[in-house]
Amino acid sequence: QAMISEMLRRGFMYYDWNVSAGDTVKDVSAQTISSNIVKGVRLCWGPAVVLMHDNGNPALPQALDAAITSLKAEGYSFAKLESGVRPLMFVYPD
């Protein structure tokens with residue numbers, strides 16, 4: 001919570017995530033990552049912010065392609081986070 005407050009005080013935008021790709025699980029398949037993303041996005045009531053890691057997981061590009069293709073077919077759209085996008089933030093208990 002202190003880090004979030006300091007980031008905001010310094011003028012940074014802070015965005016939390018509400019969908020986990022599950023891409024850090026050992027030996028996770030592209031199918032599982034894609035399924036995690038699609039299922040998670042479907043559960044969101046508003047904008048979805050998907051947590052993924054730049055960890056060299058070889059399954060990630062294929063998983064992301066499959067998830068994007070599937071979600072676009074369902075009518076979802078994609079956009080980058082910009083200053084006009086209302087930040088998603090969790091409320092962390094003390």
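Enumerate the residues in the range 22-61 having an amide nitrogen under 12 Å from the point lying 7 Å beyond the Cα of TYR15 toward its Cβ.
Those under the cut-off are 47-52.
Could you sort 1-7, 31-37 so that the peptide with the highest average Cβ count within 10 Å comes first and the rest follow in order?
31-37, 1-7
Under 5 Å between amide hydrogens, which residues at least 5 positions from LEU51 or on another chain qualify, with H placed 1.01 Å from N in the peptide plane?
Sorted by chain and number, the residues that satisfy this are ASN18, VAL19, SER20, ALA21.
For the chain, which trypsin sites (Lys or Arg not before Pro) are both in a DSSP coil and crowded by at most 15 other Cβ atoms within 10 Å?
When the trypsin sites (Lys or Arg not before Pro) of the chain are filtered for loop state and at most 15 Cβ neighbours within 10 Å, ARG10, LYS26, LYS80 remain.
Apply the Kirkwood formula to the chain: the hydrodynamic radius equals the inverse of the mean of 1/r over all pairs of different alpha-carbon atoms; give it in Å with one decimal. Don't skip to the answer; put the middle values down first.
Details: mean 1/r = 0.0680 Å⁻¹.
Across the chain, the inverse of the average 1/r is 14.7 Å.
May I ask you to give the percent of accessible area on the chain that is carbon plus sulfur, with a probe radius of 1.4 Å?
57 percent
For LEU51 and ILE68 in the same chain, what is the full-extension length gain: residue separation times 0.36 nm, less their Cα-Cα distance, in nm?
Here the segment from LEU51 to ILE68 would lengthen by 4.7 nm.
What accessible area per residue, rounded to a whole number of Å², is obtained for the chain using a probe radius of 1.4 Å?
That works out to 75 Å² for each residue.
Given Cα pairs under 8 Å that are at least 6 residues apart, what percent is the relative contact order of the chain?
With pairs under 8 Å counted, the relative contact order is 36 percent.
Tell me the accessible surface of LEU64 in square angstrom (1.4 angstrom probe, heavy atoms of protein chains only), to the nearest ten.
Only protein atoms counted, so the area is about 60 Å².
Which value in nm describes the separation of the simple spin-label points at PHE78 and GLU6, placed 7 Å from the Cα toward the beta carbon?
It is 3.4 nm.
The values are calculated or read from the model by the stated rules, or taken from the named source; none is laboratory data. Computed from a predicted structure; not experimentally measured. For neighbour counting, all protein chains shown are included, and Cβ atoms are generated from backbone atoms with ideal geometry for every residue, glycine included. For the accessible areas, the whole protein counts, side chains as well, though only heavy atoms, and no ligand, DNA or RNA atoms are used. Shrake-Rupley method; radii C 1.70, N 1.55, O 1.52, S 1.80 Å.
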